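The values are calculated or read from the model by the stated rules, or taken from the named source; none is laboratory data. These figures come from a predicted structure and were not determined experimentally. Quick reminder, even Gly has a Cβ in these numbers, built from the backbone with ideal geometry, and neighbours come from all protein chains shown.
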Amino acid sequence: MSWLFGLNKGQSGGATPDVPLPPAPPPPPAGGSGGSGGGDKPKDKWSNFDPTGLERAAQAAKELDRSRHAKEALDLSRMQEQTTQMEYQSKMKEYEAAVEQLKGDQIRIQAEERRKTLNEETKQNQARAQYQDKLARQRYEDQLRQQQAINEENLRRQEESVQKQEAMRKATIEHEMELRHKNEMLRIEAEAKARGRVERENADIIREQIRLKAAEHRQTVLESIRTAGAVFGEGFRAFISDWDKVTATVAGLTLLAVGVYSARNATGVAGRYIEARLGKPSLVRETSRITVMEAVKHPVKTTRRLMSKPQDALEGVVLSPKLEERVRDIAIATRNTRQNRGLYRNILMYGPPGTGKTLFAKKLAVHSGMDYAIMTGGDVAPMGREGVTAMHKVFDWAGTSRRGLLLFVDEADAFLRKRSTEKISEDLRATLNAFLYRTGEQSNKFMLVLASNQPEQFDWAINDRIDEIVNFALPGLEERERLVRLYFDRYVLEPATGGRQRLKLAQFDYGVKCSEIAKRTEGMSGREISKLGVAWQAAAYSSEDGVLTEAMIDARVDDAVRQHMQKMDWLHGDGVLDNEGRVTPADLQGGKGVKMGFILPQGSNPQDDLCPLKEGLDSTIPTAEEGGSSAAEKGTVPWGGEGGLKHAEQKDIPSKDGTPV
C-alpha cells in the first residue's frame, strides 16, 4: 500500500523500484541524559515534521473505507505488491545469473591468463635454452679455435724443428762430402805421382815391349796376306781352267739379274692391274661396287647387296608428273639397254640444289642393276698434274665393271668449263681434254650422268656428248605436299608409333597441317623440306616431355621460311637466264626468279628447257673485235637470233620449239 502514502508518485509502473531506506532510529526516552543541557535536540528534530501527508493518508483511508470498491482496491493493491515482489525476485535472479556469468568470465579470464603465462614461460624457457645452447656452441667453437691455434703452433714448431734438423743434416753431409772429396783428390794425386815415377823408372822397358808387339803384328799381317793371296790365286786358276764352271757361273748370274728385274716389273704390272680391277680410284667419293676390302670388312652387307633385287627407280623420289614420266622412261630405257648389252646414253641433269638429282642417279643405277660411282668436280682441280692420270684411272676402273657402271659427276661445272673463254690452268685443261677423250664415243661399259646448277658454263664439247637433258625444277604445290607427308611420316610418325624413341605426337589434324605447310613452303627445295622434317624431330627431342605440338611445328616452319627468304636475299642481284635464253639481272624478274644462274619454270615441259645449248650458240657469234654487236659479245643473243640459226643449221640440232632446223 505504498501508493497510499505517496511513496511511488514519481515512478512508473514498469520502472525498477529503489532500494528501501532503513527505518529511522527510535527517539530517545524523555527522562534520559539529554534532559540536562540537551533537551532541545528532540524538540528541534520533530519541530520540522509536516503531518499533512499523514493527514491526507488518513483522510484517503477513510474515504476508501466508505467506498464500495474498497475491497477491490485492496486486492488490486495486493496484486500490485505481489507483481512488484515478483519483479524484484526476477531482477534478483538476473543479478545472480549476471554474477555467476561474471564469475565464469573471471574464471575463463584467469585460465586464459594462466595459459598465456605458461606460453610466456615456455617461450622464456626456450629462449633461455637457445641462449644457453648458443653460449655452449660459442664456447665449443672458441675451444676448437684455441685447440686449432695450439695445434698450428705445435705444427709450426715441429716444422721449424724438422727444418733445423734437415739443415743440420745437410750441413753435415756437405761437410762429409767435402772431406771425402779432399781425401779422394789427395789419393788420386798420390797415385798419379807414384805412377809417373814408376813409368819414368821403367821407360826403357816399356819402349822395348812396344817395339816387340809392333814387329809381331806386322809379321802376322804379312803372313795372312800371303796365305789369302795364295788361296785365292789357286782357286781362280782352277776356276778359269775349268770351262764348265765358268759357263755355269755366267748363266746363273744372268738368270739372277733377269729374275730380279722381271719380278720387280711384274709386281708393278700386277699391282696396277689389281688396283684397276679391285681398288677404288681416288676421285671416286662413293660407289656401290663391291671391293675385296669392303667384302672382308662387311660380309653381311655385301651378301645382302648381291642378293638384293632391282628396285623402282622413283621409289622415295617425288617429282612433277611430267618429269616423273620422263625420268621413268629413261630408267626403263637404261635397264633394257643393260639387259641387251647396248650403248648407254649420257644424261645432263640441271636445276637448283636439293631437287633430287643425286638421289635419282643412285635409284637409276639400282633399278637398272648397275653399279654407281659418285665423283665431284671440285676434286679434280686440286689434283694438279696428277689429274690426267686420275681421270684415266676412273674410266679404266669403270670399264672393268661386269654389271655396268653409272658414273655420276656432281657439280660438273667445276672442271668442265669452257676452254676458250674461262681462265683455267693448264693442268685442268689437260684433265678436261682427257675427260673428253674418254667420253668421245658411246660405251656399253659405263653411263655418264652429269649434274650441275650452272649448265651454261659447260664447254661446248661437253654439251655435244650429252644425249638427254633433264631439268629438275623446284617442286610445285602437289609435290611439296607429297614431300611434307613423306618426311612427316619418316621423321615424326614412325618414331612416335615405334615406341623405342623419346618422341610423342600431340592430337591435331595431320593431313590439314601438311597441306598448310605445303602452301607456306613455296620456293623451297626437297632437301630444305627434308631438313624441316629433321627440325620437327629435333624440336620434340629438345622439349621437356618429348611431345611435338602443332605450335612447335609452326615455329619450325616459320624459321625455315625465314631462312629461305634470307638465302634468296643473299642471291639478290645475280644475273639469271630466262626461258628464252636471255641473261637478265635478277632484280628485273620481280623477285620471282630462283636467282641461281637460271630460271626454273614450274610446270613447264622439261624438253623445252634446252638452255645449256645457248653456250654453243654464243661460241659461233662474232665478238665486237670481229665485227659483231655488243649484245653478241656479252652473250645475250636470244635463241632465235641470227647467230643461233646459223649454228643450228651447221649442227642440225633441234630449235626452241622442238622441230629440227
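I'd like the residue in segment 437-470 that is of a type in the set (A, V, I, L, M) and over 43 Å from the mean Cα position of the chain (by Cα) and, out of all such residues, is surrounded by the most Cβ atoms within 10 Å (Cβ to Cβ).
ILE462
Select from segment 455-483 the residues that are closer than 16 Å to VAL318 by Cβ and out of contact with any Leu (no Cβ under 8 Å at 6 or more places or on another chain) and list them in ascending order.
Once the filter is applied, which keeps residues that are closer than 16 Å to VAL318 by Cβ and out of contact with any Leu (no Cβ under 8 Å at 6 or more places or on another chain), segment 455-483 yields GLY476, LEU477, GLU478, ARG480, GLU481, ARG482, LEU483.
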Counting only helices (runs of 4 or more DSSP H) wholly inside segment 486-550, the ones holding at least 1 residues that are modelled with pLDDT of 90 or more and crowded, with 16+ Cβ neighbours inside 10 Å are 510-520, 526-542
So which of ALA434, ALA381 is among the hydrophobic types (A, V, I, L, M, F, W, C) and under 37 Å from the mean Cα position of the chain (by Cα)?
ALA381
Return the pairs, sorted by first residue and then second, in which the second residue is charged (D, E, K, R) and in a helix (DSSP H, G or I), the first residue lies in segment 400-429 and is free of Cβ contacts under 8 Å to residues at least 12 places away in the same chain, the beta carbons are less than 9 Å apart, and the residues are 6+ apart or on different chains.
THR421/ASP618
Here is a list of conditions, (1) part of a helix (DSSP H, G or I); (2) at pLDDT 85 or above; (3) surrounded by fewer than 17 Cβ atoms within 10 Å (Cβ to Cβ); (4) small (Gly, Ala, Ser), and GLY271 meets all of them except one; can you say which number that is?
(2)
Can you find a residue in segment 531-539 that is more than 24 Å from GLY354 (Cβ to Cβ) and charged (D, E, K, R)?
no
Would you point out which residue out of PRO353, PRO382 is surrounded by fewer than 22 Cβ atoms within 10 Å (Cβ to Cβ) and free of Cβ contacts under 8 Å to residues at least 40 places away in the same chain?
PRO382
